[in-house]
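Trainee: The structure follows.
The values are calculated or read from the model by the stated rules, or taken from the named source; none is laboratory data. Keep in mind the model is a prediction, meaning the values are calculated, not measured. All Cβ positions, even for glycine, are placed from backbone atoms using ideal geometry, and neighbour counts span all protein chains on display.
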Amino acid sequence: MYKGAADAMQTGVLTDQYITVPKGLGDKVKPQVTQADTLIAPIKKGQQIGTVKMVADGKEVAQFPLVARQDVPQAGLFGRLWDSALLMWQKGASSMNQAEAWNPTVYLNGEWGPLSEARIPVMDRGFIFGDGVY
């Protein structure tokens, strides 16, 4: 959760939910919770933030809204600024393709190339004496 006074919150369904399934299938019913990837405060109690699907034998039996069980107010000024910077960083990283995001270009031995191909020769004087003081 971003820009909120709390890092986590309680979630659930609004009220108790009941479903009817054929005999013998009750033990096979399992919940699958899907929540929004990016939650930005303020979040109000009862606001839908995802879904809960009840699945049995690979088939969806029922679906209910996943809601916030408590209010989450906005964080202070610095908390919101920090989270805004994190969101911009994530947006920028996701807009680049994976190769650019994890393999930046470097300048080594007078040539530009991808970081994954950068190699320093073992006999390089800067490498050998890199921790020395001249």
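Trainee: Counting only residues that are of a type outside the set (D, E, K, R) and surrounded by 11 or more Cβ atoms within 10 Å (Cβ to Cβ), how many does segment 117-126 have?
Mentor: 2
Trainee: Counting only residues that are more than 30 Å from Thr38 (Cβ to Cβ) and out of contact with any strand residue (DSSP E or B) (no Cβ under 7 Å at 6 or more places or on another chain), which one in segment 89-115 is modelled with the lowest pLDDT?
Mentor: Asn109
Trainee: Ok, one more. Evaluate the following for Val29: is it more than 19 Å from Asp71 (Cα to Cα) and either in contact (Cβ under 8 Å) with a residue 24 or more places away in the chain or of a type outside the set (D, E, K, R) (or both)?
Mentor: yes
Trainee: Limited to segment 32-42, what total is found for residues that are in contact (Cβ under 8 Å) with a residue 40 or more places away in the chain and surrounded by fewer than 11 Cβ atoms within 10 Å (Cβ to Cβ)?
Mentor: Residues flagged as in contact (Cβ under 8 Å) with a residue 40 or more places away in the chain and surrounded by fewer than 11 Cβ atoms within 10 Å (Cβ to Cβ) within segment 32-42 amount to 1.
Trainee: Okay, moving on. Output the number of residues of segment 43-94 satisfying the condition of being under 27 Å from Gln17 (Cα atoms) and either touching a residue at least 60 places away in the same chain (Cβ under 8 Å) or in a loop (DSSP other than H, G, I, E, B) (or both).
Mentor: Count: 10.
Trainee: Can you confirm whether segment 3-19 contains a residue that is in contact (Cβ under 8 Å) with a residue 60 or more places away in the chain, outside any loop (DSSP other than H, G, I, E, B) and on the phi < 0 side of the Ramachandran plot?
Mentor: yes
Trainee: Would segment 46-60 turn up any residue that is closer than 15 Å to Met1 by Cα, among the basic types (Lys, Arg) and either under 22 Å from the mean Cα position of the chain (by Cα) or modelled with pLDDT of 90 or more (or both)?
Mentor: no
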